[in-house]
């Protein structure tokens, strides 16, 4: 499973989403879009919007911290 | 540090407090005198009153009951809620810490009727400056609001850009003394707003006097911060302007519960009191599990 989390350090939702994935033993790539402009542009292209977090699970895009959708995809 | 902080001092919040204080939990209630119940002259369908009771009297008695049992009530406005190890609740003048938090702020305000505000959500319109502010590095942003909450959001955005305007949408700025000096640092535009426009992302804000300005981002902080605003920032799931809770009033965030009108459903004193009791009991269980 390939999981990417597009996040910023100041976003509470992002920390919660990452913690949740860790609790579920899901390994993910953490992309800080406040520092990584390529990742930021990638995120906007994939999700069509500028809100974080965005979670990419095998190409399925979740905007926000949505436990149910995460559960259904991991 | 409080065991339980309750935001809102209507029937749901006060009812929750009755349970938490009686379980010896250090309980703080933060709220303003703005319960919808204050305007109700006659309540005839609440159990236990042979004669109709005024909403104001019922609330007053509820407050006295909670205080008698040991709760502390602070009358002030909550500006923001942050969850780190504990919940940090920032008010106009103080920051409180709580191990558990119960949101009981009543019926959310009606959505702002500005054309395009929903269409551009996530595409220039944001409800979370700390989450999305960085996307607007050195760009032109606005904060939609007219109270302390708007100034607080504008201050958070100064980490990303200096070009910040507070758009009051026809209201006069209504700022407490604490935020007066800070608000002087921002441009203020009091014109009523007609619509937002753009192609893929937000580009312009149009006013009812037929003028318009270019804009890259709008952060919504309208009126007083409500449960829905806190929910958006904390990552609590909502549906149609109501906070989603399970049967025991638990939200999707550990230690955070919600009760009463902010959770939607049947908006009655009796249901608010019942939900408050459930939230209080669940908060007790949560604190004891720590």
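Take the residues in segment A:5-39 that are in contact with a helix residue (DSSP H, G or I) (Cβ under 7 Å, 6 or more places away or on another chain), in a helix (DSSP H, G or I) and at the interface with chain B (Cβ under 8 Å from one of its Cβ atoms); name whichever of them is surrounded by the fewest Cβ atoms within 10 Å (Cβ to Cβ).
By that ranking, first place goes to A:12.
Do you know which residues across segment B:123-138 are out of contact with any helix residue (DSSP H, G or I) (no Cβ under 8 Å at 6 or more places or on another chain) and facing chain A (nearest Cβ under 7 Å)?
Across segment B:123-138, the qualifying residues are B:123, B:132, B:134.
For residue B:157, work out the one condition from (1) within 12 Å of chain A (Cβ to nearest Cβ); (2) surrounded by fewer than 16 Cβ atoms within 10 Å (Cβ to Cβ) it doesn't fulfil.
So the condition that residue B:157 fails would be (2).
Restricted to segment B:35-60, and to residues that are surrounded by 14 or more Cβ atoms within 10 Å (Cβ to Cβ) and part of a loop (DSSP other than H, G, I, E, B), which residue is modelled with the lowest pLDDT?
The qualifying residue modelled with the lowest pLDDT is B:35.
Please specify each residue of segment A:40-74 satisfying the condition of being more than 16 Å from residue A:1 (Cβ to Cβ) and away from chain B (no Cβ under 12 Å). Steps first, answer last, please.
Going residue by residue through segment A:40-74, those that are more than 16 Å from residue A:1 (Cβ to Cβ) are A:40-54, A:63-68.
Selection gives A:42, A:46.
The values are calculated or read from the model by the stated rules, or taken from the named source; none is laboratory data. Because the structure is a prediction, the values reported are computed rather than measured. Virtual Cβ from ideal backbone geometry, glycine too; neighbours counted across all protein chains shown.
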